[in-house]
Amino acid sequence: MSSEESCIVRHFRYYHPVSDEDIMLLARLEDSATPLRAGTVLWEERDEAHEFCTLKHGWAFSYRELENGTRQILEIYLPGDIIGLREFAFSQRLAGVQMVEDGEVCFFPHRHIVDIFRQSFTLTSILFAIASHQQVMITERLVNLARRNARQKLAHFLLEMIQRLRQTQADGSESFRLPLSQEILADLLGLSPVHVSRTFTALNDDGLVFRDRYQVQIPDLEALKQEAGFDDRYLIENMRPLFDAKKADGNRGPDA
């Protein structure tokens, strides 16, 4: 598997350069891809947690089912993302995960992550950075839900998505595919589907966001950032360097 074919390698490289040996280790995380149809549930809340997965193709989301029958979507997963990383220390799933669209998922047991811990200082550091970044994303999602109005919520989410997509699909474009229904967006942003539709219309009328089915165009990123009150400190571009590369090369594990 070449790095050009691997979303997970591109994802890791966004945090720090990786060596050929590290790429071989990452290749194990994309072995035996399982094709899944849109709507497939990977696991449900309280299922036994004994493995992670990488999302090779397609989009997915995590969610919690509430007592009143409603659903809160927690995270949107893109190709290259590791799903279930925060549950490494837990015996049961803390949230369900479902495919948004047809895709491929690679399941792997926890011991594969332990192998990476033993063999690569670089990949171990990147994994901790990824886990830290996922936690910060959840924190930002909480602020978005609790304190922003509908226009700000939707604008903020769209800006976040275009930044994340550029990690593995960087083409300099301000247009991107957003295969999320209004129901999914509503459950993610704490709005009704009708409110989501009206908010898209309002942003379109103001020339801030144009949507044609699942294609979204943002003609002026800076204008949309002002609309959303978008503070990008939580995004990867603002993370400090993980470590000195020369020092890292000299600190590979004994089994490297």
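Would you look at the GNM of the chain, springs on alpha carbons closer than 10 Å, and say which of ASN144, ASN68, ASN204 moves the most? Comparing ASN144, ASN68, ASN204 in a Gaussian network model of the chain, the most mobile one is ASN68. The alpha carbon centroids of the stretch 85-127 and the stretch 5-51 are separated by 7 Å. Largest first and in whole Å, the equivalent-ellipsoid semi-axes of the chain read 32, 22, 16, each the square root of five times a Cα gyration tensor eigenvalue.
Taking Lys and Arg as +1 and Asp and Glu as -1, the other residues whose beta-carbon sits under 13 Å from that of ILE113 total +1.
When you filter the GluC sites (Glu not before Pro) in the stretch 1-108 for DSSP loop state and at most 12 other Cβ atoms inside 10 Å of their Cβ, you are left with GLU67.
Dipole size of the stretch 3-249 about its Cα centre, with +1 on Lys/Arg Cβ and -1 on Asp/Glu Cβ: approximately 520 debye, rounded to the nearest 20. Computed from backbone phi with θ = phi - 60° and the Karplus coefficients 6.51, -1.76 and 1.60, the 3J(HN,Hα) list for the stretch 55-72 is 8, 7, 9, x, 10, 8, 8, 9, 7, 10, 8, 9, 4, 8, x, 8, 9, 10 Hz; x is used for glycine and proline. Loop-located chymotrypsin sites (Phe, Trp or Tyr not before Pro) in the stretch 65-143 (DSSP state other than H, G, I, E, B) with a sparse environment of at most 13 neighbouring Cβ atoms within 10 Å: PHE88, PHE90. The angle separating the long axis of helix 110-119 from the principal Cα axis of greatest extent in the chain is about 60 degrees. Backbone phi angles across the stretch 182-195, fed through the Karplus curve with coefficients 6.51, -1.76 and 1.60 (θ = phi - 60°), yield HN-Hα couplings of 5, 5, 5, 4, 5, 5, 7, 9, x, 10, 8, x, 5, 5 Hz in residue order; Gly and Pro are listed as x.
Read-outs throughout are calculated quantities, based only on the coordinates presented, and are distinct from any laboratory measurement. The structure displayed is predicted, hence computed values, not measured ones. Note that we place each Cβ from the backbone using ideal geometry, even for glycine, and neighbour counts take in every protein chain shown.
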